[in-house]
Amino acid sequence: MNLVLLGPPGAGKGTQATSIAEKYHIPHISTGDIFRKNVKEGTPLGKKAKEYMDKGELVPDDLTIDLVNDRLVQDDCKNGFLLDGFPRTEYQAEKFDAFLAKNGMELTKVIDIDVAEDILLDRMIGRRVCRACGKPYHVTNMPPKVEGVCDVCGGEVYQRADDTEETVKNRFKVYKEQTSPLIAYYEKAGNIAHIDGAGALDTVFAAIVDAIGA
């Protein structure tokens, strides 16, 4: 089962992706996680990616495409995969289609999680994360027991540079300009499902499972 997850920043793609990957026993491949790992480790790719991420801009297509293609031919993807954060542009989608065809693979379903921008803005500027273990928090919905301190490991809970209001608004703008056209692209292919992402996590997940139909 080969799946792609679409949706604007803060739509809950990461949370839903984890549940989908567990249910269908396929790897969750997040380009965002890969980029952040490289940034943390200070790799050449990470240094390049950080310049764009800190501004709320997308990492250039060619850097992303090479990384994803290499990941999808690894052994744990033989029974399928879930892509979260890729493709982001029509150019990436076209290159991805070519990669699938070349490797005798097909895309099972594209899941588009849609949430209103005002809801997303509140979600994202309130997000916090533990610098040590990565546990997510939210200043109003899920704050740590002690402000600034992780409940799990005692690490520093902070706001990522790409979650400030200015950067978040720029990310919305970039998404609308570059990624929204993907919805029309996959509608033409007839394999996209639109999911209302404003509800409870369980409700959204149930709708996704129903759309996948397996």
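The values are calculated or read from the model by the stated rules, or taken from the named source; none is laboratory data. It should be emphasised that the depicted structure is a prediction, and the values quoted were computed from it without experimental measurement. Quick reminder, even Gly has a Cβ in these numbers, built from the backbone with ideal geometry, and neighbours come from all protein chains shown.
Assorted remarks:
- Test: residue in segment 145-157 that is under 24 Å from residue 56 (Cβ atoms), surrounded by 14 or more Cβ atoms within 10 Å (Cβ to Cβ) and at pLDDT 90 or above: yes
- Wholly within segment 1-90, helices (runs of 4 or more DSSP H) carrying at least 2 residues that are hydrophobic (A, V, I, L, M, F, W, C) and in contact with a His (Cβ under 6 Å, 6 or more places away or on another chain): 13-24
- Residues of segment 13-47 satisfying the condition of being within 17 Å of residue 88 (Cβ to Cβ) and at pLDDT 85 or above: 13, 17, 28, 29, 30
- Residue tally, condition of a type outside the set (S, T, N, Q) and surrounded by fewer than 19 Cβ atoms within 10 Å (Cβ to Cβ), over segment 78-94: 5
- Matching residues in segment 144-171 - criterion: being part of a helix (DSSP H, G or I) and touching an Asp or Glu at 6+ places or on another chain (Cβ under 6 Å): 161
- Yes/no for residue 97 being charged (D, E, K, R), under 17 Å from residue 191 (Cα atoms) and surrounded by fewer than 19 Cβ atoms within 10 Å (Cβ to Cβ): yes
- Any pair with Cβ under 7 angstrom, 6 or more apart, that starts in segment 51-65 at a residue that is surrounded by 15 or more Cβ atoms within 10 Å (Cβ to Cβ) and at pLDDT 85 or above and ends at one that is assigned to a loop (DSSP other than H, G, I, E, B) and among the aromatic types (Phe, Trp, Tyr): 64/86
- Only one entry of 175, 186 meets the criterion of being within 30 Å of residue 1 (Cα to Cα), of a type outside the set (Val, Ile, Thr), buried (at least 17 other Cβ atoms within 10 Å of the Cβ) and modelled with pLDDT under 90, and that entry is 175.
- With respect to the stated conditions, residue 111 is crowded, with 19+ Cβ neighbours inside 10 Å and touching a residue at least 60 places away in the same chain (Cβ under 8 Å).
- Check on residue 185, part of a helix (DSSP H, G or I), among the aromatic types (Phe, Trp, Tyr) and touching an Asp or Glu at 6+ places or on another chain (Cβ under 7 Å): yes
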